[in-house]
Amino acid sequence: MFGLEPWQFWAAMAITAFSGFVKGAIGFAMPMVMMSAFGSIMPATTALAALILPVLFTNIQQGLRQGPQAARESVVRFRWHIGMVIVFMLISAGFATRIPQWLMYLLLGVPIIAFAGWQLAGWPLQLPVHRQRRAEIVSGAVGGLYGGVSGIWGPPLIVYLLSIGIGKAEQVRVQGVVFLIGAVVLTVAHLYSGVLNAQTLPLSALLCLPAFAGMQAGFRLQDRLDLGQFRRWTLVLLVLTGGNLVRRALEIGF
């Protein structure tokens, strides 16, 4: 069954449904959940291939949940961040083999944990309006630099969105739109690399079904969360994301 034992296949279906639920509720962390769990039950290249299409299509679903017009408005509003992510991802991609990945993971994970922990402790960071454009450009540049080297570009965006205090629906929509950019690049790259092939592509496509089902359940939870609850769970998930980055840094570096 797609090169997997039956128990591996059904475990992958359950993991994908859960990761879709998390993404639907909070708007991110799907690749982190899937890759962390898949890596323990299947080969690394199969794990990477399996998550590609679910991540791509759930980001489309997330970004377009309020319709194409709302998605376009988010693109226009956060065009500086999106532009900086694209430009600096292209610039930094050439240095991917020169900069130690463990160092990049560590330098990204520690500040994320510090920011989220600071907010959870009751000391919110709110950017004044006159500094938001500068912060948007910086967060996009940082996200792009890390994205080109490590494949992780989302956390700086989430930190920025939390710092400007936008609404829950728009935050999730913007995350979907920005994450979609990277997901398209990832899909095209691995169609050429061979990671997505005749064996792994059907598996990745089939996993879109539990991903969509999980997303719908997560959306229902998201709709019931008030803004305070949503922000709190987002910060908790950021702490876990940062902790996972630090874990990977220590795992690779030592």
Any hit, segment 62-71, residues being crowded, with 18+ Cβ neighbours inside 10 Å and within 17 Å of Thr187 (Cβ to Cβ): yes
Residues located in segment 140-167, provided they are more than 19 Å from Arg248 (Cα to Cα), touching a His at 6+ places or on another chain (Cβ under 8 Å) and surrounded by 24 or more Cβ atoms within 10 Å (Cβ to Cβ): Gly140, Leu157
Given (1) among the aliphatic types (A, V, I, L, M); (2) over 21 Å from Pro100 (Cα atoms); (3) modelled with pLDDT of 85 or more, index of the condition Val246 fails: (2)
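Residues that are in contact with a Phe, Trp or Tyr (Cβ under 7 Å, 6 or more places away or on another chain) and closer than 30 Å to Leu4 by Cα: find the helices (runs of 4 or more DSSP H) completely inside segment 27-114 holding 3 or more of those.
Qualifying helices (runs of 4 or more DSSP H): 44-63.
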Ala217, sole failed condition from (1) touching a residue at least 12 places away in the same chain (Cβ under 8 Å); (2) over 17 Å from Arg65 (Cα atoms); (3) more than 18 Å from the chain's Cα centre (by Cα): (2)
Ala12 vs. criteria more than 17 Å from the chain's Cα centre (by Cα), part of a helix (DSSP H, G or I) and closer than 22 Å to Thr241 by Cα: yes
Segment 147-187, subset at pLDDT 80 or above and hydroxyl-bearing (Ser, Thr, Tyr), residue nearest to Asn59 (Cα to Cα): Thr187
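The values are calculated or read from the model by the stated rules, or taken from the named source; none is laboratory data. Computed from a predicted structure; not experimentally measured. Note that we place each Cβ from the backbone using ideal geometry, even for glycine, and neighbour counts take in every protein chain shown.
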